[in-house]
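**Q** Just dropping this structure here.
Every number here is computed from the coordinates shown, using simple stated rules; none is lab data. As the structure is a computational prediction, the values presented were derived from the model and not from experiment. Don't worry about glycine lacking a Cβ; one is built from the backbone with ideal geometry, like all the others, and counts go over all protein chains shown.
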Amino acid sequence: MSLFQKLENQPKESGVSPGASETEKTRCLIIGSGPAGYTAAIYAARANLKPVLYKGLQPGGQLTTTTEVENFPGYPEGVEGPKMMEDLERQAARFGADIRWGIALSVDFSVHPLRVIFDDKKVMEADAVIIATGATARYLGLPSEEKYMGSGVSACATCDGFFYKGKDVAVVGAGDSACEEAMYLAGLCRKVYMIVRKPYLRASRIMQERVKKTPNIEVLFERNTKELRGDQVVQEAVLIKKQGTIEEQEEIIPIDGFFLAIGHTPNSEIFKSFLDTDEVGYIKTVPGTTKTNLPGVFACGDVQDPHYRQAVTAAGSGCMAAIDAERYLNQL
């Protein structure tokens, strides 16, 4: 179970617990760190909003689980994901952002000021709330996945595919996203295996045709991944191949990278009682803005972005959220 899945498994509450021990008021509250949250804090602090940012369960977001980041502007030699998050945090703190440890457990957006309760039973009241809680990539739950995280296992081909140029990789998934990831990797890698649990792809017809016409993509139907093996990095995947309805047979494929493309879960559960979300759970925002259906509540980063999910787009939307919040507060 991921850290953010633990957060989403917390009991849902419609308001703040009466047992909360302390209440504090702030003009601008930011929930979640990562590129979106820290960028929002930088802009909000420079606008003299005196923002309070709570880091959440995974401080720094998904980038803290990756190794080198080469596609974020300003780092020509690349940068380690955790190091980049440290830089962003220091920059936000430099301008006066109040950065704290803590996990948001429940909210009450039916009142003004808006109210959020954190794990230490502290209630924060805010005139504006910026949600930057991100999304959690779905994994298979294998122990070897965790072992090789950042050493061959990735949930973002756009982020990490370059490191596997000329090598052999595997993509797990059967939908449009998996096909898109496989097509992207096929332009970089020597060989791309698609590991598909069913005897068919779930992707749209046009994506299926594109995969079939790509010579270096091989679709392995009716396979499940049993484990990954290697010394310090992934070197092979052990698959279980169905034989009829009962028998199973092990199959080993040599690979250098293992990409998950089975979806993401937006970390939005505690907000769903108040905010509009799509069928997956991504928070809906007014197009071209970070405004939600409630005045004073803004969403940025992967929690509202089902399409791009990149650090640079998250940072950009964090900037937008801070500017939207500043304009909103100036109108109060």
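**Q** Identify the residues of the range 115-145 with backbone N under 14 Å of a label point that sits 7 angstrom from the Cα of LEU332 along the Cα-to-Cβ direction, or state none.
**A** Once the point is set 7 Å along Cα→Cβ of LEU332, 115-116, 124-130 turn out to lie under 14 Å by backbone N, inside the range 115-145.
**Q** Taking LYS165 as the anchor, which lysines have their alpha carbon closer than 17 Å to its alpha carbon, excluding any fewer than eight residues away along the same chain?
**A** Excluding near neighbours in sequence, the set is LYS191.
**Q** Short version: ³J(HN,Hα) in whole Hz for each residue of the range 41-58, in order, from phi by Karplus 6.51 cos²θ - 1.76 cosθ + 1.60 (θ = phi - 60°), x for Gly and Pro, what are they?
**A** Working through the residues one at a time gives 5, 4, 5, 5, 5, 5, 8, 6, 7, 6, x, 10, 10, 9, 5, x, 6, 10 Hz.
**Q** If you don't mind, another one. What ³J(HN,Hα) values, in whole Hz, does the Karplus curve 6.51 cos²θ - 1.76 cosθ + 1.60 give for the range 277-294 when θ = phi - 60°, with x put for Gly and Pro?
**A** Here the 3J(HN,Hα) series is 10, 7, 5, 8, x, 5, 5, 7, 10, 5, x, x, 9, 10, 6, 8, 6, 10 Hz.
**Q** For helix 311-331, report the angle its Cα long axis makes with the longest principal axis of the Cα atoms of the chain; keep it between 0 and 90° and round to the nearest 10°.
**A** Value to nearest ten degrees: 20.
**Q** Kindly provide the Kirkwood hydrodynamic radius of the range 221-332 in Å, to one decimal, from all pairs of distinct alpha carbon atoms.
**A** Computed over Cα pairs of the range 221-332, the Kirkwood hydrodynamic radius comes out at 17.5 Å.
**Q** Describe numerically, in nm with one decimal, the distance between label points set 7 Å from Cα along Cα→Cβ at PHE162 and at TYR200.
**A** For PHE162 paired with TYR200, the spin-label model returns 3.9 nm.
**Q** Here's something else I'd like to know. Give the relative contact order (percent, whole number) for the range 212-281; include only Cα pairs under 8 Å separated by 6+ residues.
**A** 20 percent
**Q** Hey, can you grab everything whose amide H is under 5 Å from the amide H of VAL171? Only 5+ residues off in sequence or another chain; H modelled, so Pro and N-termini drop out.
**A** For VAL171, whose amide H was placed from the backbone, the distant partners under 5 Å are TYR193, MET194, ILE195, PHE259.
**Q** Once you measure Cβ to Cβ distances between cysteines in the chain, which Cys have no partner under 4.7 Å?
**A** So far as the 4.7 Å Cβ criterion goes, CYS28, CYS179, CYS189, CYS300, CYS319 stand without a partner in the chain.
**Q** Quick one: length gained pulling LEU188 to ALA93 fully straight, 0.36 nm per residue minus the C-alpha distance?
**A** Fully extending the segment from LEU188 to ALA93 adds 30.3 nm.
**Q** Once phi is turned into ³J(HN,Hα) by the Karplus curve 6.51 cos²θ - 1.76 cosθ + 1.60 with θ = phi - 60°, what whole-Hz value does each residue of the range 188-195 show in order, with x for glycine and proline?
**A** 10, 9, 6, 9, 10, 9, 9, 9
**Q** With labels modelled as points extended 7 Å from the Cα through the Cβ direction, what inter-label distance (nm, one decimal) is found for ASP231 paired with ASP119?
**A** Roughly 3.8 nm, to one decimal.
**Q** Remind me, relative contact order of the chain in percent, using alpha carbon pairs under 8 angstrom and six or more residues apart?
**A** That works out to 21 percent.
**Q** What is the distance, in nm, between label points placed 7 Å from the Cα along the Cα-to-Cβ direction at TYR139 and at GLU22?
**A** Placing both labels 7 Å beyond Cα along the Cβ direction yields 3.4 nm.
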